[in-house]
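Have a look at the structure below, then the notes.
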Amino acid sequence: MSTKNNIPKEFKITETIDQRKYLVNGQLKSWSGDTTEVYSTISSTAQYQPTLLGSIPDMGEPEAMDALQAALGAYNQGQGVWPTMKVKDRIECMETFVGKMKEKRSTIVKLLMWEIGKSLPDSQKEFDRTVEYIEDTIEEYKELDRSSAKFIKHQGVYAHIRRGPLGVVLCLGPYNYPLNETFALLIPAIIMGNTTVFKPAKHGVLLITPLLEAFQTSFPKGVVNILFGRGRAVAAPIMKTGKVDVLALIGNSKSANALQDQHPKSNRLRLVLGLEAKNPAIILPDADLDLTIDEVIAGTTSFNGQRCTALKVVYVHEEIKAEFLKRFSAKVDGLKFGNPWDQGVQLTPLPEPGKPAYIQELLDDALAKGASIKNTKGGKQTDNYIWPAVLYPVTKDMRVYQEEQFGPIIPVLSFTDISEPLDDMAESNYGQQVSLFGKDVYSLSPLIDTLANLVCRVNLNSSCQRGPDVYPFTGRKDSAQATLSVHDALRSFSIRTFVAFKDNALNNETIEQLLEAKVSNFLSTDYIL
Ligand code: G3H
């Protein structure tokens, strides 16, 4: 379980990034105030010590207000250049941006590894998946525009219906996917004609900095404004003004509620939220154990369980419990721990310095209440890690059952009657996804019918996941508000708005002239190829 420093040359930290620029109203402004140092929990030396990566501005209310003013100015109550621009031209700006972004792949991948401890293949995947998401969003927007390039007629009234922007979007992403999930909010918000204020997550901040110039040079001034600092210091004052039209946040419901509460007119505020979850695995007696164990390993341990879609509680049928626990525990102990660039690594350092201690608290609480650790390495700590403990039997009074652990610890419960996990899910505050393992169609079908109404994705003999990104990503209860996917995100960040006219000679003549003159960016039947 060593994290020794065999760091390949290309991944060594040779200089720190002392980020002093931030993007407001099309200008890369210089910051001369307080800063916060950014450390990686990965050591660069044989004797463990966190690695200093650089520093970022610690901004406050005045900068937050500047950014908000810039976004409001660029929107200009719907009259701004960006919200009124032709779809084709907005798409061109986005194409320019993604072209510039691609040039930064190796820098961003290296920072993903150091800042959040994500493995090299997963960091590359996060970058490539984000680029693909942007390219797919562009294609989807063209399709949306093409399907709107027409008139319909009902009861003697013609209509030309499109989707228009909502206004100013405040965008906040999570640390576990600081690029992908943040951009999965930001990109559709921008392309639909909204203007934005964006603050990177608490970890994975420096990796945004290579993109500041790309944002600055690809979009008109004020469309994208990027701030650094604590959410409390910059996001809260922005919300208090009541000028934010959409709060787009991937994180937890506590922060989402706190920010929402700041807005003086909650009826005006639209929400696009991806929040916490406690996705269960339910393993039926006839499950294929080889496949199940592989999927549950992936679901519980990939990126150390720091995924909203991670499997965070495992229900296994009493009949196969002993066999499952034995084989699953051995597999957990066989996983490879190392630094993100180590070949074949599966478990990597935790980016939050306090996380091993928190997981230890959950562990101690469960042990005190009657659970035991089923794997030999479970709970072993190093400077930046705690080995995933397979805990059994877990009961509802344990913190590990109640809290979203978002880290390496695996609670297991057994059941004899399927109503036990179903009742627990119905009672739970969360409703994102479930993984159901089994083969018998007569057992599976009633379960599928129930589970589909308790969560928003039932994964059959497969671990939970967000992707492919064209599929809907959402949840019930405290797990989400609004739906994200390449297609749905364009809808979530826009509203249907249209031009209507009665079918008479004057109107028909006027519309024909409007179309011929090609002077309206909204009213157009041009077909974007
Ligand atoms: O943190 C939650 C992410 O949306 C999970 O995405 O399932 O692709 O890892 P993923």
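Which of the trypsin sites (Lys or Arg not before Pro) across region 376-448 are loop residues per DSSP, with 10 or fewer other Cβ within 10 Å? The qualifying sites are Lys396. To the nearest 10 degrees, how steep is helix 318-333 against the longest Cα principal axis of the chain, on a 0 to 90 scale? Relative to the chain, helix 318-333 is tipped by roughly 80 degrees. Relative to the dominant Cα principal axis of the chain, helix 87-102 is inclined by about 40°.
Using a 10 Å cut-off around each Cβ, can you sort Ser414, Ser148, Ser40 from fewest to most neighbouring Cβ atoms?
Numbers: Ser414 20, Ser148 17, Ser40 23.
So the ranking, lowest neighbour count to highest, is Ser148, Ser414, Ser40.
You can think of it this way: the chain between Phe151 and Ser419 has 91.3 nm of extra reach, that is 0.36 nm per residue less the Cα-Cα gap. Extension gain, Asp294 to Lys86, is 70.0 nm, computed as 0.36 nm per intervening residue step minus the present C-alpha separation.
Sorting the segments 122-135, 446-459, 153-166 by their residues' average number of neighbouring beta-carbon atoms within 10 angstrom, most packed first, yields 122-135, 446-459, 153-166. Centre-to-centre separation between the Cα atoms of region 403-452 and those of region 197-247: 38 Å. The distance between label points at Glu61 and Glu319 comes to 6.4 nm (points 7 Å beyond Cα on the Cα→Cβ vector).
Per DSSP H run of n ≥ 4, the term is -39500 (n - 2.57); total these for the chain, divide by its residue number, and report the mean residue ellipticity at 222 nm rounded to 500 deg cm²/dmol.
Numbers: 17 runs with 205 residues, N = 529.
That comes out to -12000 deg cm²/dmol.
Quick one: if the Förster radius is 35 Å, what FRET efficiency do Asn257 and Val441 give, using the C-beta to C-beta distance and rounding to 0.05?
Details: r = 42 Å, r/R0 = 1.19.
With a Förster radius of 35 Å, E is 0.25.
Relative to the longest principal Cα axis of the chain, at what angle does helix 441-454 sit, 0 to 90 degrees, rounded to 10? Taking Cα atoms only, the helix is inclined about 60 degrees. By definition, a body whose alpha carbon gyration tensor gives a ≥ b ≥ c is oblate when a/c is 1.5 or more and a/b is not larger than b/c, and region 47-128 fits this oblate description. Our estimate of slack between Glu213 and Gln381, defined as 0.36 nm per intervening residue step minus the Cα-Cα distance, is 56.4 nm.
Once you sort the root eigenvalues of the Cα gyration tensor of the chain as a ≥ b ≥ c, which label holds: rounded (a/c under 1.5), prolate (a/b larger than b/c) or oblate (the other case)? In terms of gyration-tensor shape, oblate.
Assuming R0 = 30 Å, what is the FRET efficiency of Tyr471 and Thr107, from their Cβ-Cβ distance, to the nearest 0.05? The pair Tyr471/Thr107 has a calculated efficiency of 0.50. Determine which residues of region 145-175 fall in the zone a paramagnetic label at Leu514 would reach in this model, i.e. backbone nitrogen under 19 Å from the point 7 Å along Cα→Cβ. From region 145-175, the list is 145-165. Looking at region 1-105, the GluC sites (Glu not before Pro) that sit in a DSSP loop and have at most 15 other Cβ atoms within 10 Å of their own Cβ are Glu15, Glu103.
Only the coordinates and a few stated rules stand behind these numbers; no lab work does. The shown structure was predicted, so the numbers you read here are calculated from the model rather than taken from an experiment. Using ideal geometry, Cβ is built from the backbone for each residue, glycine included, and neighbour counts are taken over all protein chains shown.
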